Amino acid sequence: MTQPNIIYNDKVEDIELIDSLLKEFNRVISTNTKIILLPELLLSDNYWKETFLETAVYAKLKYYLLNKHPNATILIGNKLRMISNEIDTNSSYSQEYNGIPSYGFNVCSAIDTSNKISYKAKKLFITKVENWPPLFNAIFPDKKAIINNYASTNDADIMRIGKQNYFIAICYESIFSDQCVIASKEDCSAIIMLASESFLKGNNFAIEQYLNICKLKAIENQKYVVKCSNSGISATINPIGEIETELRSDISAYKLINLPLKHQKTFFSKICF
């Protein structure tokens, strides 16, 4: 679990950021590591889905896995653009490519040693900050809101990594119980949350409140929750809402965690019987 604690006003290029992170990984990652977590929107460039496999950032991450941890998967938050006339969305598009609508997505990308990337796109958005539908914009025009507009997809929220299924929630989605309950319905091993809390501007009350919401999601679904955040609190929370690992919001840190995924039901047998 990583918590880079990036201040975006001072942010370096994505490729330089990845170089610095890989050096940190070498200090803490074990040979048995299965998943490397990086927070929401860690990569801030607008990558095109059609050409992401050709980028220097992807090549750097894949080369690292091939040479250091071939059995691991990197889950990383990034922006992604896609050219399509068929996306089912109410969002405005912020760019055009040869006259074709270009939609923007906030995604979790799963990168391993194969030549294929799995994506999970964020589906629930903070109004105006992340999504400003055309109807709203016609009444209350806001150019800045359109630029930051994200679209949604009908892709699954579950990723298969190794022999386990994981429910992926991206920041704001984790507030909604009816969204996260999919983790229980599909019998996922754990809930992974990628977050960026920079919009809270260091408000400790709001940061703690969000952590409490994540505790509720662990209890509601009787699953471990792993929250990987930038500018917030990163934590692992067990199925009865107890924090087992915590990285505070004001530090940059990297932590190796082990989850007893096969023994989660014993937490409830202890308190119920």
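The values are calculated or read from the model by the stated rules, or taken from the named source; none is laboratory data. Source: prediction; values computed, not measured. Please note: Cβ atoms are built from the backbone with ideal geometry, for glycine as well, and neighbour counts cover all protein chains shown.
Give, as residue ranges, the strands (runs of 3 or more DSSP E) completely inside region 87-129 that count at least 1 residues that are at pLDDT below 90, touching a Phe, Trp or Tyr at 6+ places or on another chain (Cβ under 6 Å) and not hydroxyl-bearing (Ser, Thr, Tyr).
So the answer is 100-111.
Answer yes if at least one residue in region 192-206 is basic (Lys, Arg) and over 23 Å from Ser118 (Cα atoms), and no otherwise.
Within region 192-206, one or more residues are basic (Lys, Arg) and over 23 Å from Ser118 (Cα atoms).
Restricting to region 16-35, give me the number of residues that are under 30 Å from Thr153 (Cα atoms) and touching a helix residue (DSSP H, G or I) at 6+ places or on another chain (Cβ under 7 Å).
1
What number goes with the only condition from (1) within 20 Å of the chain's Cα centre (by Cα); (2) farther than 26 Å from Ala72 by Cβ that Cys171 does not pass?
In the conditions (1) within 20 Å of the chain's Cα centre (by Cα); (2) farther than 26 Å from Ala72 by Cβ, Cys171 misses (2) alone.
When the residues of region 1-42 are filtered to those that are assigned to a helix (DSSP H, G or I) and among the charged types (D, E, K, R), which remaining residue is nearest to the chain's Cα centre (by Cα)?
Asp14
Taking interchain pairs and intrachain pairs at least six residues apart, which have beta carbon atoms under 7 angstrom, with the first residue in region 109-135 and more than 20 Å from Leu42 (Cα to Cα) and the second among the β-branched types (Val, Ile, Thr)?
Close Cβ pairs satisfying both conditions: Trp132/Ile146.
Per-residue answers, yes or no, for (1) out of contact with any Gly (no Cβ under 6 Å at 6 or more places or on another chain); (2) closer than 14 Å to Ala110 by Cα; (3) of a type in the set (A, V, I, L, M):
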| residue | (1), (2), (3) |
| --- | --- |
| Asp157 | yes, yes, no |
| Ile161 | yes, yes, yes |
| Asn165 | yes, yes, no |
| Tyr172 | yes, no, no |
| Phe176 | yes, no, no |
| Gln179 | yes, no, no |
| Ile182 | yes, no, yes |
| Glu186 | yes, no, no |
| Ser189 | yes, no, no |
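Would you check which residues across region 1-46 are more than 18 Å from Lys60 (Cα to Cα) and among the hydroxyl-bearing types (Ser, Thr, Tyr) and list them?
Tyr8, Ser30, Thr31, Thr33 - these are the residues of region 1-46 that are more than 18 Å from Lys60 (Cα to Cα) and among the hydroxyl-bearing types (Ser, Thr, Tyr).
Residues of region 208-237 being under 27 Å from Leu43 (Cβ atoms) and β-branched (Val, Ile, Thr), which ones?
Passing the criteria: Ile213, Val225, Val226, Ile233, Thr236, Ile237.
At pLDDT below 95, part of a loop (DSSP other than H, G, I, E, B) and not aliphatic (A, V, I, L, M): is that true of Asp45 in this structure?
no
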